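The values are calculated or read from the model by the stated rules, or taken from the named source; none is laboratory data. Keep in mind it's a predicted model, so treat the numbers as computed, not measured. Please note: Cβ atoms are built from the backbone with ideal geometry, for glycine as well, and neighbour counts cover all protein chains shown. For accessibility, only protein heavy atoms count, side chains too; no ligands or nucleic acids. Shrake-Rupley method; radii C 1.70, N 1.55, O 1.52, S 1.80 Å.
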Amino acid sequence: MAGPIVRITARHAYQEYVFGQDAVAAAQTDVQLPAVGPEEGGTVDGYAMAFDFEIVSVTAALSSAGSAGTLSVGATINGTEDADTTLAITTVTNHSKKVQRGAAVGTAGQRLGCELTTDGSWNGTTADIVVCIGVLLKLDGI
């Protein structure tokens, strides 16, 4: 005899949100990166979140590394960068950070984004960047 069919939903779901910029210029301050979608040149700078959420990781990949200057990226919630999510990138092409659970949280309806800053001596200006922000979506109540 077959067992009963049970409908189970996990309490959290992991999702990555992608942002990017071509030819990362020097001397940028708190520039909101566009969300990466099906068409290049997108101007949407974030994702409206349907559920409460917490940021658990940030990864960045550059097409080539700079050899001078600094570049940093971090997740934003409603346009404000959360310091717990900031990655400082210097001369590497790949960088990642795990974010402590509960450190960077948002609520349904808020906008998840990504901010980029470079100093005036950043010389990786031909590099393209892709940033992925890992989020746990809280599915309680559905």
Evaluation of D84 against (1) over 16 Å from Y47 (Cα atoms); (2) in a strand (DSSP E or B); (3) at pLDDT 95 or above (one fails), failing number = (2)
Considering the stretch 103-133 alone, what residues qualify as being within 20 Å of V44 (Cα to Cα) and in a loop (DSSP other than H, G, I, E, B)?
-> T107, A108, G109, Q110, D128
Filtering the stretch 79-102 down to residues that are polar (S, T, N, Q) and open to solvent by 60 Å² or more (accessible area, probe 1.4 Å), which residue is farthest from V31 (Cα to Cα)?
-> Q100
State whether one or more residues within the stretch 64-78 are open to solvent by 40 Å² or more (accessible area, probe 1.4 Å), assigned to a strand (DSSP E or B), out of contact with any Gly (no Cβ under 8 Å at 6 or more places or on another chain) and under 15 Å from T29 (Cα atoms).
-> no
Number of the condition not met by A61 [criteria: (1) under 29 Å from R11 (Cβ atoms); (2) more than 11 Å from the chain's Cα centre (by Cα); (3) of a type in the set (A, V, I, L, M, F, W, C)] = (1)
Out of the stretch 103-131, which residues are open to solvent by less than 30 Å² (accessible area, probe 1.4 Å), out of contact with any Gly (no Cβ under 8 Å at 6 or more places or on another chain) and among the hydrophobic types (A, V, I, L, M, F, W, C)?
-> A104, L116
Name the pairs whose Cβ atoms lie under 6 Å apart, with the first residue in the stretch 74-91 and more than 15 Å from M49 (Cβ to Cβ), the second open to solvent by 30 Å² or more (accessible area, probe 1.4 Å) and of a type in the set (D, E), and 6 or more positions between them or separate chains?
-> G74/E81
Leading residue by the ranking (least open to solvent (accessible area, probe 1.4 Å)) among those in the stretch 1-56 that are of a type in the set (D, E), more than 30 Å from A68 (Cα to Cα) and at pLDDT 90 or above = E54
